[in-house]
Structures are given as structure tokens and as C-alpha cells.
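A.B. asks: Once you've had a glance at the structure underneath, I'll fire off some questions.
The values are calculated or read from the model by the stated rules, or taken from the named source; none is laboratory data. This is a predicted model, so every value here is computed, not measured. Here Cβ is always computed from backbone atoms with ideal geometry, including for glycine, and neighbour counts include all displayed protein chains. Accessible surface is based on the protein model in full, side chains and every heavy atom, while ligands, DNA and RNA are left aside. Shrake-Rupley method; radii C 1.70, N 1.55, O 1.52, S 1.80 Å.
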Amino acid sequence: MCRCMKEILSGLMLERLSRTANTTNITFETFSLDFYPGEPLPGVNYSARDVMRRAWEECKTYARSFTPNSRSMFFQGPTGLGKTHLMHSIAHFILQKNPSSRILYVTSEEFTNEVIEAIRNSNNTAMTKFREKYRNIDVLLIDDVQFIIGKESTQEEFFHTFNTLHGANKQIILSSDRPPKDMDILEDRIRSR
């Protein structure tokens, strides 16, 4: 991730991606920079629009050059900045380029609810199905990952899922309104990656 982003922003296929809302039109082409102010930010000579243009370009480059060896991504910035739009754009671009890609987008709430449901069922079948769903994919996108922090069982499953995907050279794309250093309970093993 570029320095300016760190400083300033500090079924599984398409139908799963668009399950909660119609996201099929959320692409790089529909991401409008006009929403962001063009005036320089206080104390620097660039604007929010400049920063978001850079984020948009980085995401588009990532999606265009996506391979199993691509690095994972972490988006951080305030609510309403466009992180979710960029995540969906990356997923749609990868699916257009390679329709057989196994991509899963979920909010942290959905992830947490599925962990709780698997635990509540108190059987190995439910947990096995959960793990198969989240660990046998090419790209996992989790929105608002900061809400997982402090939920011990959810955080434990997230760590093992992250570790499994990372070890298999699969991609993880996360978004948060807080930087990793501010998520005290987030395991150092994840923060360092």
C-alpha cells in the first residue's frame, strides 16, 4: 500500500457478491471522484480527491495485475470514503478477467454471525461447512473488519482463516475505519502481514 494511502486513509461468485444489494454496477468506471473535495487538505498540497484518485489507481492496478501471488490489501479510512465501492470494483474486475475465480465478499457482521451460528449448532458439520466456505476460495473480502476485534471466537476463526488463506497464497482484502495499530486486540501475526 502506498504511503499516502496509509497516511490519509490510515453462492461465492458474483451472486454472492451482490446478495445484499445490487452491486453488479459497482465498478471502477462507476467510482466518481467528483464526490471528493478538490481543495488542498490543511497543511498539505493535495486534496481528498487526489488521495482517492491514487487509491482508485492503486486498486485498478491491483485488479489488472491480479495473480495468486498478489499481495493482500488493507483499506483504512473514515466511513463514506468509498472503501466498499473499491472492494466491489476489485472483485468484479477479477471476475470479469477470470470468471472461475472463487471470490467471497462479506461484512464483518455476516462473518461474525456465521461463526456464532456454527458454534451455536455445536457440531463439527456446521464448523466444517463454515471453514470450507471461507478457506476454499481465491479472494476473501471482509468489510469493516474492526468490528471483529474483541469478539474472541470470531477473532480466533478470522485468524485461522487468514492464516490458511495467506499460507495458500490466496488473497485477503480488508477494510476498516481504524488503522491496524489502533486495533489493540488484533493479533500481531495478522498486523505484520
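A.B. asks: Just need a number here: residues in the stretch 69-98 that are buried (at least 19 other Cβ atoms within 10 Å of the Cβ) and among the small types (Gly, Ala, Ser).
C.D. replies: Matching residues across the stretch 69-98 total 4.
A.B. asks: Return the residues of the stretch 30-50 that are in contact with a Phe, Trp or Tyr (Cβ under 8 Å, 6 or more places away or on another chain) and either over 19 Å from residue 143 (Cβ atoms) or small (Gly, Ala, Ser) (or both); say none if nothing qualifies.
C.D. replies: Within the stretch 30-50, the first condition is being in contact with a Phe, Trp or Tyr (Cβ under 8 Å, 6 or more places away or on another chain), and the residues that meet it are 31, 33, 40, 47-49.
Scanning the stretch 30-50 gives 33, 40, 47, 48, 49.
A.B. asks: In addition: Any idea which of 66, 31 is in contact with a strand residue (DSSP E or B) (Cβ under 8 Å, 6 or more places away or on another chain) and either assigned to a helix (DSSP H, G or I) or surrounded by 12 or more Cβ atoms within 10 Å (Cβ to Cβ) (or both)? First the steps, then the outcome.
C.D. replies: On the way: 31 fails: in contact with a strand residue (DSSP E or B) (Cβ under 8 Å, 6 or more places away or on another chain).
So the residue among 66, 31 that is in contact with a strand residue (DSSP E or B) (Cβ under 8 Å, 6 or more places away or on another chain) and either assigned to a helix (DSSP H, G or I) or surrounded by 12 or more Cβ atoms within 10 Å (Cβ to Cβ) (or both) is 66.
A.B. asks: Can you tell me which residue is nearest to residue 72 (Cα to Cα) among those in the stretch 139-155 that are at pLDDT 90 or above and open to solvent by 30 Å² or more (accessible area, probe 1.4 Å)?
C.D. replies: It comes out as 144.
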